[in-house]
Each structure stands twice: as structure tokens, then as C-alpha cells.
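Visitor: Here it is: the structure, laid out below.
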Amino acid sequence: MGYSFAAHGHPNITAKHKNTIEFTKDKNVTLNGDCIIGINSDFNLKEIKELIKNNNKLKIIIKVDGIIEEINCQVNPDFDDETEIVIRKSGFVSKRTLGIKADKACSDLKRDFVRILSNPNTRFKVNFVTLK
């Protein structure tokens, strides 16, 4: 079972955070948001909650200009945020946290990939695939 949504790049995307990755519906990001890799995201909370119901593992696949990044994590069943999706390497959960114990954070992403995400004309798909 899977789900996908679109997100956009932004010149202030630096992807330097060592513990998290974030997608937001916000239309801008400051340099302080070093965990954000996609803005203006069009995800649907209800559809994501349906996807993760009865699933405990998630693979996130992002492909941009031929570069693929995959992040594997455990699902936080209490995820419940309309505007932000946070994936964490740690086990910390909040309503913004979709994934925990992830195998990657922003600082682990390929720098060529991040450079593409820092282009405001970049539009990309984020794919979620549930794993048992």
C-alpha cells in the first residue's frame, strides 16, 4: 500500500539537521529550518492516517532529477498534524512526528540531492510505502 504527495524546493533548504527530516505546507522556510527539505507540500492528513493504520514500518522514497533517497522508519500511530510531517532518527514522538527511529536524517542525504531541493523551481514527489 502506498501514498504520494508533491512538495517544492526553496533557496533556504540546507538539510543540515542531524536528527530529523521535515516536509511542510508552509510556502517559505528560513535558514533556521535546517530540517525542512520540502515546502508547499500537498499531503492529506486523513489519507496518511488511513495508510499508517495497522502498519508499523514506512519507507519514504524521494526521486529528484534521477537521484533517489530512501528513508526507512517506524510509524508513530498518533501522527496528527495538518501542516507538518517530521521524520526522526530518535524515538521522540509528538503529533507532528510521522516516523521514528529513521535510518537517515537531513545530514545523511546526498549533497547533490540537497542542492536540487534548494532550487525554488524544483517540484518533486514524496512516496510512502508501508512495510509489515
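Visitor: Of the conditions (1) closer than 22 Å to residue 130 by Cβ; (2) not in a loop (DSSP other than H, G, I, E, B), residue 114 clears all except one; give me its number.
Guide: Among (1) closer than 22 Å to residue 130 by Cβ; (2) not in a loop (DSSP other than H, G, I, E, B), the lone unmet condition for residue 114 is (1).
Visitor: For segment 84-102, what are the residues that are touching a residue at least 12 places away in the same chain (Cβ under 8 Å) and more than 13 Å from the chain's Cα centre (by Cα)?
Guide: 90, 93, 95, 101
Visitor: Spot the failing condition for residue 81; the list is (1) touching a residue at least 24 places away in the same chain (Cβ under 8 Å); (2) under 22 Å from residue 107 (Cβ atoms), and only one is missed.
Guide: (2)
Visitor: Same structure again: Which of the residues that make up segment 15-41 are over 18 Å from residue 126 (Cα atoms) and touching an Asp or Glu at 6+ places or on another chain (Cβ under 7 Å)?
Guide: Residues satisfying the conditions are 16, 17.
Visitor: For segment 27-71, give me each residue that is crowded, with 16+ Cβ neighbours inside 10 Å, farther than 15 Å from residue 3 by Cα and in contact with a strand residue (DSSP E or B) (Cβ under 8 Å, 6 or more places away or on another chain).
Guide: Answer for segment 27-71, where residues must be crowded, with 16+ Cβ neighbours inside 10 Å, farther than 15 Å from residue 3 by Cα and in contact with a strand residue (DSSP E or B) (Cβ under 8 Å, 6 or more places away or on another chain): 29, 33, 35, 36, 37, 38, 39, 40, 64, 69.
Visitor: Mind telling me which of the residues 72, 55 ends up being within 18 Å of residue 130 (Cβ to Cβ), in contact (Cβ under 8 Å) with a residue 12 or more places away in the chain and not in a loop (DSSP other than H, G, I, E, B)?
Guide: 72
Visitor: So which residues in segment 75-107 are of a type in the set (Gly, Ala, Ser) and either buried (at least 18 other Cβ atoms within 10 Å of the Cβ) or part of a helix (DSSP H, G or I) (or both)?
Guide: 99, 102, 105, 107
Visitor: Let me ask you something else. From (1) in contact (Cβ under 8 Å) with a residue 60 or more places away in the chain; (2) more than 22 Å from residue 109 (Cα to Cα); (3) outside any loop (DSSP other than H, G, I, E, B), pick out the condition that doesn't hold for residue 62.
Guide: Of (1) in contact (Cβ under 8 Å) with a residue 60 or more places away in the chain; (2) more than 22 Å from residue 109 (Cα to Cα); (3) outside any loop (DSSP other than H, G, I, E, B), only one is false for residue 62: (2).
Bear in mind these aren't lab numbers, they're just calculated from the coordinates by the rules spelled out. None of the values given here were measured: they were computed from a predicted structure. For neighbour counting, all protein chains shown are included, and Cβ atoms are generated from backbone atoms with ideal geometry for every residue, glycine included.
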